[in-house]
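Asks: Next up is a structure, given as C-alpha cells.
The values are calculated or read from the model by the stated rules, or taken from the named source; none is laboratory data. Everything numeric in this text was worked out from a predicted model, so none of it was measured. A quick note on method: Cβ atoms are made from the backbone with ideal geometry, for glycine too, and the neighbour counts reach across all protein chains shown.
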C-alpha cells in the first residue's frame, strides 16, 4: 500500500473523510461534534471538483444543529449524495433532505417525527418562549419534508403530514421512496 493511500485511510479513520472518493461519514448524534466534522469535511471536499458522498447513520439529536448541517450541505457547489445506513431518525432525516440525491441502503429505516421539547427552564415566561420556538421549529421541519414529498405527491397536504407525524413514524426504504423522502434504494444507485 502506498504511503499516500495510508495517509488517506488514516484520515478516514481519524477524521471521517476519504479524499480519493470524496466520501465522508456522519455517524452518531446530531450534536456539536457532528456539526464540526461536517463543517471541516464538507469545506475540504467541496473545494475539489466532483460529487460528494455522505454516509449517514444517526438516531437524531438537536434540531438547531440539524439546521446548520442542512445549510452546509445545500450550500455545497458540488452535488451531494447522501446514503443512509442502519437507522436515520429525527434530526438525521432533516440532514438527509439536504442531499441532491438521497439513498437508503436496503436494510435501513427512517424514523420521522416532529421531535420533542427539551425544557431547560422552569420560569413560566421562558417556558412560553420555548413552546413558541418549538412551534416554529415544528413548522420548519414540516416545510422541509413537504418540499420533497410534494415533488412526488402533488396533493399531499400539511394536514396529511401532521397526521403522520403525531407519533414516531418508521419508514422502510420502499415506503420512504414512495413518499418522496428518498430518491433511490441501494448504495450503488
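Asks: Within segment 95-106, restricting attention to residues that are part of a helix (DSSP H, G or I) and in contact with a helix residue (DSSP H, G or I) (Cβ under 8 Å, 6 or more places away or on another chain), which residue is nearest to residue 23 (Cα to Cα)?
Replies: Initial filter on segment 95-106 (part of a helix (DSSP H, G or I)): 95-97.
From what is left, the residues that are in contact with a helix residue (DSSP H, G or I) (Cβ under 8 Å, 6 or more places away or on another chain) are 95, 97.
Values: 95: 16, 97: 18 Å.
My answer is 95.
Asks: Does residue 92 count as modelled with pLDDT of 95 or more, assigned to a loop (DSSP other than H, G, I, E, B), within 9 Å of the chain's Cα centre (by Cα) and surrounded by 21 or more Cβ atoms within 10 Å (Cβ to Cβ)?
Replies: no
Asks: Looking at residue 49, is it over 20 Å from residue 183 (Cβ atoms) and part of a loop (DSSP other than H, G, I, E, B)?
Replies: Against the criterion (over 20 Å from residue 183 (Cβ atoms) and part of a loop (DSSP other than H, G, I, E, B)), residue 49 qualifies.
Asks: Moving on. Give the residue that is modelled with the lowest pLDDT, with candidates limited to residues of segment 148-188 that are over 21 Å from residue 105 (Cβ atoms) and assigned to a loop (DSSP other than H, G, I, E, B).
Replies: Within segment 148-188, the match that is modelled with the lowest pLDDT is 166.
Asks: Given the conditions (1) free of Cβ contacts under 8 Å to residues at least 60 places away in the same chain; (2) over 15 Å from residue 170 (Cα atoms); (3) surrounded by fewer than 18 Cβ atoms within 10 Å (Cβ to Cβ); (4) in contact with a strand residue (DSSP E or B) (Cβ under 6 Å, 6 or more places away or on another chain), which single one is not true for residue 59?
Replies: For residue 59, the failing item is (2).
Asks: Next question, about the same structure. Among the residues of segment 69-79, is any part of a loop (DSSP other than H, G, I, E, B), modelled with pLDDT of 95 or more and crowded, with 23+ Cβ neighbours inside 10 Å?
Replies: Checked against the condition, which is being part of a loop (DSSP other than H, G, I, E, B), modelled with pLDDT of 95 or more and crowded, with 23+ Cβ neighbours inside 10 Å, segment 69-79 yields no hits at all.
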